[in-house]
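To start, the structure itself, in structure tokens.
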Amino acid sequence: MAVPLTPPPLAPLRSARSLALALIASLVAVIAGLAPATNGYASPTVQQIEQQIDQLWAQLEPLINKYDAVQDQLKANQARQSTLTQRLAPLQMQVDLGSARVGAMATQLYESGPATRMAQLLDAGSPEAFLDELSALDQMARRQQSTLAATQSQLDDYTRQKRPLDALVAQEQQQIADLDAQKKNIQAQLDQLQKLRQQAYGGSGSAGGNLKPVPCPQVYVGGAAGKAVAYACSKIGSRYEFAQAGPTTFDCSGLTEAAWGAAGASLYHFTGTQQKETTPVSAANLMTGDLIFYGNPAYHVAIYIGNGWMVHAPKPGDFVREAQIGSPGRISGYGRVKL
């Protein structure tokens, strides 16, 4: 029996039907993917929302620290610029006055003419008086020229110092503008997640929890450290807010700055600078009031209250709270504030 050269009549129909079913299945899958998800199936859980916020905050906190650093540098450079400008003002007046005097003398000599000047000198009465008069005029002119040259040299020197400072301030202002743009982008995402957080937790948008699970401080000390810790403890429950150092809202370095400011010590509002400003201590020598730094370079800071506990301002949507010192992440160092 010969083998047929064409397939049985039903085979093409079966193949077409299979293809159609496969196509329909694909379309259903696509439509299902585009259709709005039901709340019971695809709404993110509280844990997922917190994970997303933590991931975004990991990007935002170093950026905020960099922003604070540039802000502090800008303030310092603007202060230097102002000092130089104030020093330039009297020098400019001296140059202007010296120029006016020399100019007036030159005008007088020009208007009197060589013959008149010679006649005045000859009227001196004697050769000695003539020479004295001539010498006096020459010395006066030289003194004025010397004073003018010295003042102009000082002015040029200060102007040279001010020129790169002006350029640096302009550069840092551009850096701040760039950082602002990045911060706004990430902050917009945090705001969106905060809305989801409010849906999950209710109106507060925060799990809240026990902000003060143990007495604060854990170990009482006197002096400046005691005052700094007492201030930090009194701010538990205050809301986190970027670039704020109190009295009602704080970011991490703003809280430590304000706490130690209440004790009479001055700290920059920047985690990295605070780490440089403090004296490094070991974990074994950690005392109440010392600062705890996280990350390398440091991007988060807290104040130690004793027995393994600290007070810190964690992140947007949260509050100043107590926590165990290992909870925010890897500790990169401890610092004792200098008085």
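Overview of results
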quantity	calculated
Residue within the range 280-288 that is crowded, with 19+ Cβ neighbours inside 10 Å and not hydrophobic (A, V, I, L, M, F, W, C) present	yes
Among (1) of a type in the set (G, A, S); (2) farther than 25 Å from Y220 by Cβ; (3) surrounded by fewer than 16 Cβ atoms within 10 Å (Cβ to Cβ); (4) out of contact with any strand residue (DSSP E or B) (no Cβ under 8 Å at 6 or more places or on another chain) - the single one G329 does not satisfy	(4)
Selection within the range 309-330 - without any contact (Cβ under 8 Å) to a residue 40 or more places away in the chain and not hydroxyl-bearing (S, T, Y)	M310, A323, Q324, I325, G326, P328, G329, R330
Residue pairs meeting the criteria (Cβ under 7 Å; at least 6 apart or on separate chains; first at negative phi and hydroxyl-bearing (S, T, Y), in the range 208-230; second at pLDDT 90 or above and surrounded by 13 or more Cβ atoms within 10 Å (Cβ to Cβ))	Y220/G226
Verdict on A265 being more than 19 Å from K66 (Cα to Cα), among the hydrophobic types (A, V, I, L, M, F, W, C) and touching a residue at least 12 places away in the same chain (Cβ under 8 Å)	yes
Top-ranked residue of the range 216-236 - restricted to ones that are assigned to a loop (DSSP other than H, G, I, E, B) and at pLDDT below 95, ranked as surrounded by the fewest Cβ atoms within 10 Å (Cβ to Cβ)	G222
Every residue from the range 60-76 that is closer than 14 Å to S253 by Cβ and either among the small types (G, A, S) or touching a Leu at 6+ places or on another chain (Cβ under 6 Å) (or both)	Y67, A69
Extreme residue, surrounded by the fewest Cβ atoms within 10 Å (Cβ to Cβ), among residues of the range 238-250 that are at pLDDT 95 or above and touching a Lys or Arg at 6+ places or on another chain (Cβ under 9 Å)	T248
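The values are calculated or read from the model by the stated rules, or taken from the named source; none is laboratory data. This structure is a prediction, so every number in the text was calculated from the model and none was measured. Note that each Cβ is placed from the backbone with ideal geometry, even for glycine, and that neighbours are counted across all protein chains shown.
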